[in-house]
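Working notes, beginning with the structure itself.
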Amino acid sequence: MRLTVLDRGHSLPTKALFAVIRLMTRQPVVDAVKLALYRADFYGAGPLTHEAMRGPSQWSVGDRELMAAVVSQANQCSFCVAAHSATSSQAYGDPATVQAVLADLDTAPISEPLRATLRMLTKPCTPDDIRAALAEGVTPQQITDALNVALVFGITNRLANAFGFDVAGPEAMNAGAKHLLKRGYR
């Protein structure tokens, strides 16, 4: 059930910001932005998300956005799959690889360390999953960074599904991806 508060429950200054966003991007404001700006004290995941997705890491921004898309696919969150596959595609400059990963992780043209990490993130993580990733050359810090992405998107996916986020069209998702790559999650 979609909560109407995401569409009509914002303050006048926030509504003005949405008008500017629509004017500048020529796209609708996506529900993730609506939630983040409705009750920042409720959602409050901006700093945590920004650190996981844009903080220092041996994983590239494209890798972490792909992790977000894969976690979101495992959690059946269509909105987040669309948003983060668009962002990963732009970060990599290679939408075909992102689509290949989402279609079949085992045959996708990616490195084995990334494949092992993505496989680890698609289900409840066990010590054996971590050992398998380490055996493929993933560092302990990379595992920590990947698990931070999974934590953030475990929360975000559940909120998106609970609030009934609409999946915007490709143009809106690409506009959002451009913004995320430029400004991050602040």
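The values are calculated or read from the model by the stated rules, or taken from the named source; none is laboratory data. Values in this document were obtained by computation on a predicted structure and should not be read as measured data. Note: ideal-geometry Cβ built from the backbone for every residue, glycine included; neighbour counts use all protein chains shown. Surface areas here come from the heavy atoms of the whole protein model, side chains and all, with no ligands, DNA or RNA. Shrake-Rupley method; radii C 1.70, N 1.55, O 1.52, S 1.80 Å.
Give or take rounding to whole Å, what are the principal axis extents of the alpha carbon atoms in the chain, in descending order?
Largest to smallest, the principal-axis extents are 54, 31, 30 Å.
Which distance in nm do the two modelled labels at residue 60 and residue 94 give, with both placed 7 Å along the Cα-to-Cβ direction?
0.7
If I take R0 = 41 Å and measure r between the Cβ atoms of residue 78 and residue 135 in this structure, what FRET efficiency does the formula 1/(1 + (r/R0)^6) give, to the nearest 0.05? Write down the numbers at each step before the final one.
Numbers: r = 33 Å, r/R0 = 0.81.
The calculated FRET efficiency here is 0.80.
Calculated from DSSP H runs of 4 or more alone, at -39500 (n - 2.57) each and per residue, what is the 222 nm mean residue ellipticity of the chain, nearest 500?
-22000 deg cm²/dmol
With each label point set 7 Å from Cα along the Cα-Cβ vector, what nm distance links residue 17 and residue 144?
Between residue 17 and residue 144, the label points sit 3.2 nm apart.
Any chance you could look up the accessible area of residue 18 with a 1.4 Å probe, heavy atoms only, rounded to 10 Å²?
Estimated to the nearest 10 Å², residue 18 gives 10 Å².
Stretched out fully, how many nm does the piece from residue 4 to residue 158 gain, at 0.36 nm a residue minus the Cα gap?
Difference between extended and current length: 53.7 nm.
Carbon and sulfur atoms: what percent of the 1.4 Å accessible area of the chain do they account for? Don't jump to the answer; show the numbers that get you there.
Values: 5730 of 9730 Å².
The value for the chain is 59 percent carbon and sulfur by accessible area.
For residue 85, what charge total do you get from the other residues with a beta carbon under 12 Å from its beta carbon, if Lys and Arg give +1 and Asp and Glu give -1?
-2
Can you give the relative contact order of the chain as a percent, counting alpha carbon pairs under 8 Å and 6+ residues apart?
On the way: 214 pairs, mean separation 60.8, N = 186.
Computed value for the chain: 33 percent relative contact order.
Using a ≥ b ≥ c from the Cα gyration tensor of the stretch 52-98 (square roots of the eigenvalues), is it rounded, prolate or oblate, where a/c under 1.5 gives rounded and otherwise the larger of a/b and b/c decides, a/b for prolate? Can you show the working numbers first?
Working: a/c = 2.20, a/b = 1.27, b/c = 1.73.
Oblate.
Which of the helices in the chain, when you take each full DSSP H run, stretch at least 15 Å along the axis at their Cα atoms and have an average Kyte-Doolittle score of -1.0 or higher?
12-25, 61-74, 78-92, 140-163, 170-183
Rounded, prolate or oblate: which fits the stretch 60-162, taking a ≥ b ≥ c as square roots of the Cα gyration tensor eigenvalues, rounded meaning a/c under 1.5, else prolate when a/b beats b/c?
Oblate.
For residue 178, give me every one of the lysines with a C-alpha distance below 19 angstrom, ignoring sequence neighbours fewer than eight places off in its own chain.
34
If contacts are Cα pairs under 8 angstrom and at least 6 residues apart, what is the relative contact order of the stretch 56-165 in percent?
The normalised contact order for the stretch 56-165 reaches 33 percent.
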